[in-house]
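See below for the structure under consideration.
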Amino acid sequence: MSSGIRIWHAGQQSNSTPMKTLFNLLTIVIIVIVVFVFAAGIFITGLGIYDFTHAFHFFDESGEHGSVQYATLSLLKAVDLFLLAIVLFVFSFGLMVLFNNKTDQALPHNLPGWLKVKNFVELKVILWEAVLTTLVISYLAYLAELRLEAKPITFQDLTVPGAILLIAVSLFFLKKGEHGGH
């Protein structure tokens, strides 16, 4: 009986080594994903800075009738890019926290509570909220651009508010389901 347990235990150890190798490989893949998402956030932040500084170019062109409108539109687009960058930063940081195989003490002490994600659903809710805000700002910039160019709003232009509504309603029911279950 003792030798049977030893054989099973030895077999279990040899099977755990490939499992550890697979786990380490997956950890490296997650880290690569986090780095690329973070780099994309930095790139989009740079684009936002460019749009932000470009907005003040319109104020220099005095005498042009729509300079304030174009500056406002450019600032809205910059805010949209900054919000998109924040979504990418939150996603990369959330993945790091979610797949952290260390203790909670390894995380920064001043980390906000909403970033201490325990599962993928919590990360998804945080991202949905950030994406909703980004979509609203992006759509406002689009509407301002349509108005500035004196173009009419078509039926296709209403798909984004419809998508925003569907995401908001599904987020509401997801949060209601979580609070009702606990």
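Of note:
- Residues (closer than 16 Å to S74 by Cα and outside any helix (DSSP H, G or I)) located in region 136-176: E149
- Selected residue (only one of V87, V117 is touching a helix residue (DSSP H, G or I) at 6+ places or on another chain (Cβ under 8 Å), at pLDDT below 85 and closer than 23 Å to F36 by Cβ): V117
Yes/no matrix, rows are residues, columns are (1) of a type in the set (K, R); (2) modelled with pLDDT under 90; (3) in a helix (DSSP H, G or I):
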residue	(1), (2), (3)
N24	no, yes, yes
A40	no, no, yes
F58	no, yes, yes
S62	no, yes, no
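- Index of the failed condition, I49 passing every other in (1) open to solvent by 40 Å² or more (accessible area, probe 1.4 Å); (2) modelled with pLDDT under 90; (3) within 22 Å of Y142 (Cα to Cα); (4) in a helix (DSSP H, G or I): (2)
- Where a residue in region 28-42 is within 18 Å of L127 (Cβ to Cβ) and open to solvent by 70 Å² or more (accessible area, probe 1.4 Å) and its partner, wherever it lies, is at pLDDT 95 or above and not in a helix (DSSP H, G or I), with Cβ under 6 Å and at least six apart: none
- Among the conditions (1) open to solvent by less than 50 Å² (accessible area, probe 1.4 Å); (2) touching a Gly at 6+ places or on another chain (Cβ under 8 Å); (3) over 20 Å from T27 (Cβ atoms), F89 misses just one, which is (1).
- Annotation note: Cβ proximity below 9 Å between a residue of region 127-151 that is within 30 Å of V117 (Cβ to Cβ) and a residue that is among the acidic types (D, E) and in a helix (DSSP H, G or I) (sequence gap 6+ or interchain) occurs for T134/D80; I137/D80; S138/D80; Y139/D157; L140/D80; A141/D80.
The values are calculated or read from the model by the stated rules, or taken from the named source; none is laboratory data. Worth saying up front: this structure is predicted, and the values here are computed from it rather than measured. No Cβ is skipped: glycine too gets one built from the backbone with ideal geometry, and neighbour counts run over all protein chains shown. With ligands, DNA and RNA removed, areas are computed over all heavy atoms of the protein, side chains included. Shrake-Rupley method; radii C 1.70, N 1.55, O 1.52, S 1.80 Å.
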